[in-house]
Structures are given as C-alpha cells and as structure tokens.
Amino acid sequence: MQIVTRRAGALLASVLSLALTGALGAAAVNVTSDVDQEALVGKKAPDFTLTDLEGKEHKLSDYTAAGKTVVLEWFNPSCPFVVKHYENNADTMDALHKEFKDRDVVWLAINSGKDGHPTADRAMNLAAHKKWDMQHPILMDASGKVGSAYGAVTTPNMYIVDTDGMLRYAGAIDNDRRRGIGSTNFVRDALTAVLAGETVKTSFEKPYGCSVKY
C-alpha cells in the first residue's frame, strides 16, 4: 500500500510539474475588463485603503500626499507568470523595487483573489512572501473592488501613480509574454520618466498573465 501511495504521489508531482511547465510555455491568457485601463492613464488613480498580511492598512492617497510615487502590482503566488518574475536570476519585481526604493517609490502587491479561492489563502501568500524574500507588502482585496476599479485583469498587471495621484502607466511588466524575461521593462522605463518629470513614452501596454481570481 505504501508503495502504491508513493507512486501515486510521485505521479501527481510529475503531472503538476508538467502542467506548470506547459503553462509557462503557452501564451498568456487573453482576458478583458469592463474598465479600459488605457483610458485611465492620465486621470486620477482610484484611491483605496487595503490591509496587508500583517494587518497594516495602506491608503494610496496617504502615500502620494507624502510625495511618494506608487507602483501597484497585481499578484497571485501560484500564477506561473508571477513566479517567473520572482524565481529567476533577474528577480524582476524585487530588483526593480530595490532599484527605486531610495527615490521615494513605494511598491505594493495586491491580491484580488476572492475569499475561499486557494490563491487568496493567507498562509499561501505568507509563504510566498517569505520564500521570495519580498521587500514590499502584499495587500488583500478579497472583495475585488480595488482590482475592478483599476480594471486589473491579469497577474501581474502593473500601474504607476505619481505624486499628484495621477495614473501614469498601466499594463504589462515587460515585453516577453511567455517564459522569458523581456528585453524591455515598461515599468522601469515609465518610472524613470516619471521621476525625471518627463512624458512616459509607453504609458500603456496590454498586460499578460493569469486571470485575476475575482
């Protein structure tokens, strides 16, 4: 019986591994939202207050009033398109956060998974935060109201809010919609322009990834 159980467990692990590999190899999902993200750029970003995994509240307008530029990253710890940006040599998300954190930039990950969905489980998100040594908080949006206000459709889905509370960028993290890391990082380019007081050349790029689990 033990041998059968072990074989079954090994088979399950193999299937899951193949599924993850296949998901990374496939093109990102094509999803839509009632909110036009591109149309939001250049307008006031929807304000919100959300609580992180440690119980601390974060209010967007408090950060912008304090002179902070804010990066929002829609997050799902099990999405392979999120995983690829945390488990590779580039370590995209935390590397960018470290690059800009001393320039009055605040980085917030937001999980809009609904209550009861596995990807919204607090323990799973805490484990991911620890495993990836994330230096920015994960905010929980179980109602999906914040994600819906921004029209967030994928994980990741990125936004940049300037110190005036205006949305300056929305969309993909980079230009590789499959398993690799892109040659162009739209968030880095947009942040560099915003901090320099310049016009963002690419202010919207269609996001890619897994669907947000509303």
- What share of all Cα pairs of the range 66-210, in percent, falls into each consecutive 10 Å distance bin? 12, 45, 36, 7, 0
- Taking a ≥ b ≥ c as the square roots of the Cα gyration tensor eigenvalues, with a/c under 1.5 meaning rounded and otherwise prolate when a/b beats b/c or oblate if not, the range 34-88 comes out oblate
- Item | For the range 78-141: Kirkwood Rh in Å [reciprocal of mean 1/r, alpha carbons] | 12.5
- Task: Sort out for me the Cα centre separation of the range 63-116 from the range 118-165, rounded to whole Å.
- Result: 8
- Query: Got the relative contact order for the range 64-132 handy, in percent, Cα pairs under 8 Å and 6 or more residues apart?
  - Reply: 40
- Greater than 30 Å apart at Cα, pairs in Lys44/Lys131; Lys59/Lys213; Lys56/Lys101; Lys43/Lys131: Lys44/Lys131; Lys43/Lys131
- Radius of gyration and Dmax for the range 57-103's Cα atoms, expressed in Å? 13.0, 35
- Item | Computed magnitude of the charge dipole of the range 42-114 (debye, nearest 20; Cβ of K, R +1, Cβ of D, E -1) | 300
- Provide the percentage of antiparallel DSSP beta bridges, counting only those with both residues in the range 72-214; round to the nearest 5. 55
- Task: Roll a 1.4 angstrom probe over the protein heavy atoms and tell me the percent of accessible area of the range 103-206 that is carbon or sulfur.
- Result: 47
- Kindly report the accessible area of the range 23-166 per residue (heavy atoms of protein chains, probe 1.4 Å, no ligands, DNA or RNA), in Å². 44
- Gyration tensor verdict on the range 105-167 (Cα atoms; rounded if a/c is under 1.5, prolate if a/b is larger than b/c, oblate otherwise): oblate
- Which value in nm describes the separation of the simple spin-label points at Lys44 and Asp133, placed 7 Å from the Cα toward the beta carbon? 4.1
- Please work out the FRET efficiency for the pair Asp121 and Glu99, using the Cβ-Cβ distance as r and a Förster radius of 45 Å; give the result to the nearest 0.05. 0.90
- Message: What number do you get for the range 157-211 when its Cα radius of gyration is normalised by 2.2 N^0.38 Å, N = residues?
- Response: 1.13
- Query: In nm, what is the difference between 0.36 nm times the number of residues separating Arg188 and Lys59 and their Cα-Cα distance?
  - Reply: 44.1 nm
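The values are calculated or read from the model by the stated rules, or taken from the named source; none is laboratory data. Worth saying up front: this structure is predicted, and the values here are computed from it rather than measured. Positions of Cβ are generated from backbone atoms using ideal geometry, with glycine treated the same way; all protein chains shown enter the neighbour counts. Calculation scope for accessible area: heavy atoms of the full protein, side chains included, ligands and nucleic acids excluded. Shrake-Rupley method; radii C 1.70, N 1.55, O 1.52, S 1.80 Å.
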